[in-house]
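All remarks here apply to the structure that follows.
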Amino acid sequence: MTTCININGTIEDEAFVSVLDHGFLFGDSVYEVVGTRQNKTCFLIEHLQRLRRSANGISLNIPFDDEWFRREIERTIEIADNQESYIRIVVTRGVGDIDIDPSSCHSPCTLIFVTEAHTYPVELYENGIHLAVVSIKRNSKDALNPGIKTGNYLNNVLAKIEAGRLGAHDALMLNPSGQLTESTTSNFFFVQDGRIMTPSLDCGILAGITRDTVIQMAHEKGFPLEEGRWPIEALEKADEMFLTGTIKQLMPVTRLDGKTIGDGKPGPITRRLMNFYQNLLDRLE
Ligand code: PDD
């Protein structure tokens, strides 16, 4: 495995950021995680668009254009020379005074971190994972909007710790009004009577690129799909559940709070969508 870090256009094996970078001090940064197929980036346009939306959401000016990102990402992937790559793009507020006011930060720091792709064990895709509904609520949209992918993930870190304590692989979080939202680094879907449901963006979730692709795919393949607001009780009659995200892609969920969902195996709609998604990745240019 080779890791290469591109820091403002210079590639290093190891890179360091200042202890006075506000990304480090306050989580004042934005980021994206991008995957590859045949070591070529997937959905890069969408990730760069979201990176810019996130930066706008925290009033951060990204000093480079998309062409620069495309070139530098390709160059870093090439030098890292892995079979498949995990790419993390981070733009921090940069170095400033040791004070929460970002006005002393004049140069954002742009990192492109490339390493060997992370993969989840096959058994998890075959058997599904265990989710726990945690007491930690997803950030309110009016506090730190989950639609902005900032480097401040403490909300999700706390949810992940709680899920681990509950013996689950990951957490399912509710918003402050008690509605379903998402997991710590993925979006959430459930299926009931052949109908696919997923929390709407206004519940306070990240507009996942995989989520969007799955929604489009479901429409194209003629599966009924509904985005909406649901309380936790809506899951009592769910036949299937799954998560979506760049790295896990579609991950079946077969236990919720220790209770088996359906027959305890990934359900038929989940499996069909997993197949469609793999085919779609194979067809990406
Ligand atoms: N996470 N929700 C949250 C809170 C996320 O952090 C992510 C992505 C998603 C799924 O979005 P997408 O399909 O665009 O990857 C949903 C990345 C993978 C991460 O932080 O590692």
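No lab work stands behind these numbers, since they all come straight from the coordinates. Fair warning: this is a prediction, and the values are worked out from it, not measured in the lab. Note: ideal-geometry Cβ built from the backbone for every residue, glycine included; neighbour counts use all protein chains shown.
If you plug the beta carbon distance of Lys237 and Phe16 into 1/(1 + (r/R0)^6) with R0 = 45 Å, you get a FRET efficiency near 0.30.
The slack between Gln192 and Asp282, meaning 0.36 nm per residue of separation minus the straight C-alpha distance, is 29.5 nm. Against the longest alpha carbon principal axis of the chain, how many degrees, from 0 to 90 and to the nearest 10, is the axis of helix 154-165 turned? Helix 154-165 sits at roughly 50 degrees to that axis.
One decimal place: the segment Arg75-Lys259 gains 61.6 nm when fully extended, by the rule 0.36 nm per residue minus the C-alpha distance. Given their separation in residues at 0.36 nm each and the Cα-Cα distance between them, Ser177 and Leu154 gain 6.3 nm when the chain is fully extended. Judged by the mean number of other Cβ atoms found within 10 Å, the most tightly packed of the peptides 83-90, 218-225 leads the ranking 83-90, 218-225. Each of Trp68 and Thr115 was given a label point 7 Å from its Cα along the Cα-to-Cβ line. The distance between the two points is 2.6 nm.
Too long at a 30 Å Cα-Cα cut-off: which of Lys137/Lys237; Lys141/Lys248; Lys40/Lys221; Lys40/Lys149; Lys137/Lys259? Pairs exceeding the cut-off: none.
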